[in-house]
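Notes follow once the structure below has been shown.
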Amino acid sequence: MGTGTLTIDLNAIVDNWRALDAMSPPRVATAAVVKADGYGLSARHVARKLTDAGVRQFFVAVAEEGAAVRRAVGPEPTINVFSGHMAGDAALLSRDNLIPMLNSIKQYARHLQQLPGHPFGVQLDTGMNRLGMEPEEWAVAAGDMLEKEPILMMSHLACADDPGDPMNERQLMTFRRLTDGISVPRSLAATGGILLGSHYHFDLTRPGIGIYGGAPFTTAKTVIRLSLPVIQVRTLTPGESVGYGAAWTARDHAEIATVSAGYADGFVRRLGDRAMLYSGDTPCRLAGRVSMDLLTVDVSHLDEAPDHLDLFCDAQNVERLAGAAGTINYEILTQLGGRYGRTYIGEAR
């Protein structure tokens, strides 16, 4: 086939979720974040597999994502929406029984007007300045909102991937100050927060990147592998160049493999001359620029011309490629293109 094969190990995702779940006391529930189409790996497949494994709460970014997850998991699991109740969301929230995490008094007013009696949660801003009610706003609205019995109080840590950052403790103290004494379940920790310790766990944790095999959960099982077909291999003489802009020039005789993948498939352009692909355990460096559909790779040192090269494998995980690109694992995962043939290990039902 002319496109790469992306293999997604759903069993590894379940194992990673279970490992993160086991880090909390039994009284603490563990949800799963499946936003951005399950971090690019298919929310439908991931959520269905996790539901079969016992997950009963999911988080998504927007109501439209929640509707897709509801179709995958059926009526029982709780699906929470980080963006809250946006204009135009009422029909989806009602039809698919989605729980908005309300971020402002304006959202609260909209929710009461359009869906009176429909459950909701409250998101508080404890210092990240992104989503949630600020402490002053919460002070004004708390009495009325608590009378309506929200199902969850939550906030989000800005620096949880760095255990030594003092902002973690500041946000924890702010969250406690705003919520201590309230008889509503609380949630503060995503993957990084879970790793900070049980005092960040409260009643519900909500791991995201960790279940997909990403840092800061460094002992996670590998979830994805990506093998890319070689279209052809050509021999260059010294002085010949490769690709757009003639950005790579052969110093000696060279064997260049043209590989079926490019920035249209999520292989970010800035990886040109930085990234490695692998033939087994042997690294092969990109030669020249990343183009829309093709990569050119120096395979001069291989004993024979390869029929495929691997991007994600035992020798290279998402973290290493993200480092080469000067970005983060989230970006690499969520940009994986739609042209790859996808194989799911352990597909549910």
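The values are calculated or read from the model by the stated rules, or taken from the named source; none is laboratory data. None of the values given here were measured: they were computed from a predicted structure. Here Cβ is always computed from backbone atoms with ideal geometry, including for glycine, and neighbour counts include all displayed protein chains. Areas reflect the complete protein model, heavy atoms only, side chains present, ligands, DNA and RNA absent. Shrake-Rupley method; radii C 1.70, N 1.55, O 1.52, S 1.80 Å.
Are any residues in segment 294-314 closer than 22 Å to residue 254 by Cβ and within 24 Å of the chain's Cα centre (by Cα), and if so, which ones? Matches in segment 294-314: 310, 311.
Any idea how many residues of segment 193-210 are part of a helix (DSSP H, G or I) and in contact with a strand residue (DSSP E or B) (Cβ under 6 Å, 6 or more places away or on another chain)? It would help to see each step written out before you state the result.
Step one: list which residues in segment 193-210 are part of a helix (DSSP H, G or I), which gives 193-196, 198-200, 209-210.
Adding the requirement that they be in contact with a strand residue (DSSP E or B) (Cβ under 6 Å, 6 or more places away or on another chain) leaves 194.
The total comes to 1.
Go through the residues of segment 153-166 one by one and say whether even a single one is of a type in the set (A, V, I, L, M) and open to solvent by 80 Å² or more (accessible area, probe 1.4 Å). No, that holds for no residue. Residues of segment 20-53 that are open to solvent by less than 40 Å² (accessible area, probe 1.4 Å), under 21 Å from residue 346 (Cα atoms) and more than 17 Å from the chain's Cα centre (by Cα): 51, 53.
Would you mind listing the strands (runs of 3 or more DSSP E) fully within segment 250-317 where at least 2 residues are farther than 23 Å from residue 40 by Cα and open to solvent by 10 Å² or more (accessible area, probe 1.4 Å)? Steps first, please.
Details: elements: 254-260, 276-279, 282-285, 294-298, 308-312.
Qualifying strands (runs of 3 or more DSSP E): 254-260, 282-285, 294-298.
Scanning segment 223-255 for residues that are in contact (Cβ under 8 Å) with a residue 24 or more places away in the chain, touching a strand residue (DSSP E or B) at 6+ places or on another chain (Cβ under 7 Å) and of a type in the set (Ser, Thr, Tyr) gives 227, 241. Here residue 117 clears all of (1) out of contact with any helix residue (DSSP H, G or I) (no Cβ under 9 Å at 6 or more places or on another chain); (2) within 25 Å of residue 39 (Cβ to Cβ); (3) small (Gly, Ala, Ser) except the condition numbered (2). Of the helices (runs of 4 or more DSSP H) that lie entirely inside segment 1-56, those containing 3 or more residues that are at positive phi span 35-39. Within this structure, residue 184 fails the test of being touching a residue at least 24 places away in the same chain (Cβ under 8 Å) and either buried (at least 18 other Cβ atoms within 10 Å of the Cβ) or more than 27 Å from residue 55 (Cα to Cα) (or both). The set of residues in segment 81-111 that are without any contact (Cβ under 8 Å) to a residue 24 or more places away in the chain and in a helix (DSSP H, G or I) comprises 91, 106, 107, 109.
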